[in-house]
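Data block below; observations after.
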Amino acid sequence: MSTLFDLLFPQELLSIAQSIMKMKRKYDNSIPKLLLNNGYLKCTKQLYINPIKNIILYYTKADVKNNNRQNVFNELIHLNNMYSIGCNQQYQLIYGYLNTKINENNADSIVLHNVTINIMSGELLLRHVLDNYNNIIFNISEEINRSFSPIQNNTNNSN
């Protein structure tokens, strides 16, 4: 589907932009699979537990609205209570989201019911929860370079 304004832009650039956005969505949406590949077990759509690293993670792509944060924190505390019954294991509770402002990597914490919940976002979150973060980023970077190098070569050849 196109609009009148699409005709004002070079069609090759629109095609490249669409490819970039498609790839970005693909990588943004791949985080749950990466979590599963890194030892996390999926409890609900957004709750993950890593019994090896003793982490309970509530992951979402974007920060939830302030009025819903309490529900997120309650879910984390509830899951922590369920897994802590009968064992002396302490879990690190993390509320994490991917989308941040450019170059913003937030880390904060809150204490509720004598339980600390870490709040992390962006690259800081991914570095913390994914053991092989550097390899993942390297592989994605290589894939992006392979995908767009023919475009760059065609552009350079036309000069």
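Couple of notes before you dig in:
- When we screen 97, 83, 58 for residues that are under 21 Å from residue 135 (Cα atoms), in contact with a strand residue (DSSP E or B) (Cβ under 9 Å, 6 or more places away or on another chain) and in contact (Cβ under 8 Å) with a residue 24 or more places away in the chain, the only hit is 97.
- Verdict on residue 65 being modelled with pLDDT of 95 or more and out of contact with any Cys (no Cβ under 6 Å at 6 or more places or on another chain): no
- Filter result for residue 109 (modelled with pLDDT of 90 or more, small (Gly, Ala, Ser) and touching a strand residue (DSSP E or B) at 6+ places or on another chain (Cβ under 6 Å)): no
- Residue list for the stretch 125-136, filter: out of contact with any Gly (no Cβ under 9 Å at 6 or more places or on another chain) and within 16 Å of residue 94 (Cα to Cα): 127, 130
The values are calculated or read from the model by the stated rules, or taken from the named source; none is laboratory data. Keep in mind it's a predicted model, so treat the numbers as computed, not measured. Don't worry about glycine lacking a Cβ; one is built from the backbone with ideal geometry, like all the others, and counts go over all protein chains shown.
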